[in-house]
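I have placed the structure first, in the form of structure tokens, so that the comments after it can refer back to it.
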Amino acid sequence: MSSNELISTKPPKERAFLVAAEIKDSERLLDTEDSLEELALLADTAGLEVVGETTQKLDHPNVATYVGSGKVEEIAALAEETLADVIIFDDELTPRHLRELSKRFGEKVRVLDRTALILDIFAQHANTKEGRLQVELAQNEYRLPRLSHAWGHLGRQTGGASGRSGSVGGVGLRGPGETQLEVDKREIRKRITILKREIESLSEHRRRYRVQRKRSRIPVIALVGYTNAGKSTLLNSLSESDVYAANQLFATLDPTTRRVLLPGERVCLFTDTVGFIQKLPTDLVAAFKSTLEEINEADLLLHVIDVSHYNASAQFESVKQTLEEIEADNIPTVNVFNKADLLDGDIEETRKLLAETDPDACLISAKTGEGIEALKNKIVETLFEKMVPIRVRLPYTEGALIALFHDQGVVDFIESGRSNVVMEGTIPTRYLTSYQPFFIDETFDADENEKV
């Protein structure tokens, strides 16, 4: 069989029609046009072919159909005209939205929202056992409240006005659809419980591993950034390894750690993490909690930014917001502006501008290697040479941290109490996260270490 014949037998991609609403006074980092462009990239990553798109300005979402009823009719006509198989909305739809829209568009066209699309991409790209479990958990938690419309056709067979139950003399009777719905919900809840138990078991193993890493005193550096910013390529460049990297959204989901030798024979562990995106589904953030803990436990964050992207500032803010949500915004961070090789203008001008706005930032190209040595030196300076001031109250049970402060830091003030000790001074940046749970800013009694 010829190669042309092989190509011709490949099944065609599903055709997707995209819908976005510009909601008045809503807070969003990307404008509607840019958000739709990102949705198109997500659809492409999921293996769909985008055949059309439309937008609508609204004061607030329609309670039944998200967009207005007239717009629904227009979308249905456009979907039919473009032979769309699926209609994707650029926001998370409520169960009612999905139910009503599915009725309006008919059985031949599926209705998805942004969250379902991202979950599908994650399902395709999760390779490790933990990653697959986390995605399945997020999918089930997303699916649970949206099950009702899936069994509406069975409920309607009972003749009830509600579509899920019949009634005789005003007394509601459970129909077959409702019975099957309850069975399905019970099975999903059971599966969610099992998944959480398995993920917790894997998380405990990961926590023990992190404790061992901390005891070894090898600094851990987490690479964070918007999806497709080049984190995996940077990890490959730093560690001379071959972590999978591709020019697509969410190419890497499972955290990958590599040992890197930095200038001065300093050894560090670098961890690549899942890329962020605007409107990252809440269920997904919750499901990937154990993976995101790799970020919270890091001694330093490298925030990788695609400097060539026209919306780099919005992507930067989106990542900052997510770091705040997972309470990782207090970890020392070096901003790394990547993909300098794709800049159209003078790189030196860009470097000068960055130096004025963010003196500690690094401009690099992970692909060509430009700026990598300067980045390594910045990491060494931040982790091993930069001292930061802290004031902590340490229980005597934390003897290792007390000893570490004396050994690696500079103690300017120490005050012992009945159950803990207050210490003030400076420590190397790399130890900051170890002391964060014990930070204080209150005034203490000199004798008893009690709050005044």
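Going by the structure shown, is His97 modelled with pLDDT under 90, buried (at least 19 other Cβ atoms within 10 Å of the Cβ), in contact with a Ser or Thr (Cβ under 8 Å, 6 or more places away or on another chain) and not acidic (Asp, Glu)?
On the way: modelled with pLDDT under 90: no; buried (at least 19 other Cβ atoms within 10 Å of the Cβ): yes; in contact with a Ser or Thr (Cβ under 8 Å, 6 or more places away or on another chain): yes; not acidic (Asp, Glu): yes.
No, not satisfied.
Applying the selection to the stretch 329-355, what residues are closer than 28 Å to Pro389 by Cα, touching an Asp or Glu at 6+ places or on another chain (Cβ under 9 Å) and not β-branched (Val, Ile, Thr)?
If the condition is that a residue be closer than 28 Å to Pro389 by Cα, touching an Asp or Glu at 6+ places or on another chain (Cβ under 9 Å) and not β-branched (Val, Ile, Thr), then Pro332, Asn335, Phe337 are the ones that fit.
Go through the stretch 356-392 and give me each residue that's crowded, with 16+ Cβ neighbours inside 10 Å, of a type in the set (D, E, K, R) and not in a loop (DSSP other than H, G, I, E, B).
Across the stretch 356-392, the qualifying residues are Lys376, Lys378, Arg391.
Taking the residues in the stretch 65-86 that are of a type in the set (Ser, Thr, Tyr) and closer than 17 Å to Arg110 by Cβ as candidates, determine which candidate is surrounded by the most Cβ atoms within 10 Å (Cβ to Cβ). Working first, answer last.
Just the residues of the stretch 65-86 that are of a type in the set (Ser, Thr, Tyr), to begin with: 65-66, 69, 82.
Subsequent filtering for residues that are closer than 17 Å to Arg110 by Cβ retains 65-66, 82.
Working: Thr65: 19, Tyr66: 26, Thr82: 15.
By that ranking, first place goes to Tyr66.
Which of the residues spanning the stretch 307-352 are more than 14 Å from Ala229 (Cα to Cα) and of a type in the set (S, T, N, Q)?
Gln321, Thr322, Asn330, Thr333, Thr350
Any residue in the stretch 185-204 that is at pLDDT 90 or above and not in a helix (DSSP H, G or I)?
Within the stretch 185-204, not a single residue is at pLDDT 90 or above and not in a helix (DSSP H, G or I).
I'm trying to understand the selection: among the residues of the stretch 95-129, which are outside any helix (DSSP H, G or I) and either touching a residue at least 24 places away in the same chain (Cβ under 8 Å) or at positive phi (or both)?
First, pick out the residues of the stretch 95-129 that are outside any helix (DSSP H, G or I): 106-113, 126-128.
Residues satisfying the conditions are Gly106, Val109, Arg110, Val111, Leu112, Asp113, Ala126, Asn127, Thr128.
Kindly indicate which of Pro219, Pro255 is at pLDDT below 85 and either surrounded by fewer than 23 Cβ atoms within 10 Å (Cβ to Cβ) or of a type outside the set (Phe, Trp, Tyr) (or both). First the steps, then the outcome.
Numbers: Pro219 fails: at pLDDT below 85.
When all the criteria are applied, what remains is Pro255.
Could you identify the single residue in Asp329, Asp306 that is surrounded by fewer than 20 Cβ atoms within 10 Å (Cβ to Cβ) and under 25 Å from Val285 (Cα atoms)?
Details: Asp306 fails: surrounded by fewer than 20 Cβ atoms within 10 Å (Cβ to Cβ).
Every option except Asp329 fails the conditions.
The values are calculated or read from the model by the stated rules, or taken from the named source; none is laboratory data. Predicted, not measured: the structure shown is a model, and the values here were computed from it. Neighbour counts run over all protein chains shown; Cβ positions are idealised from the backbone, glycine included.
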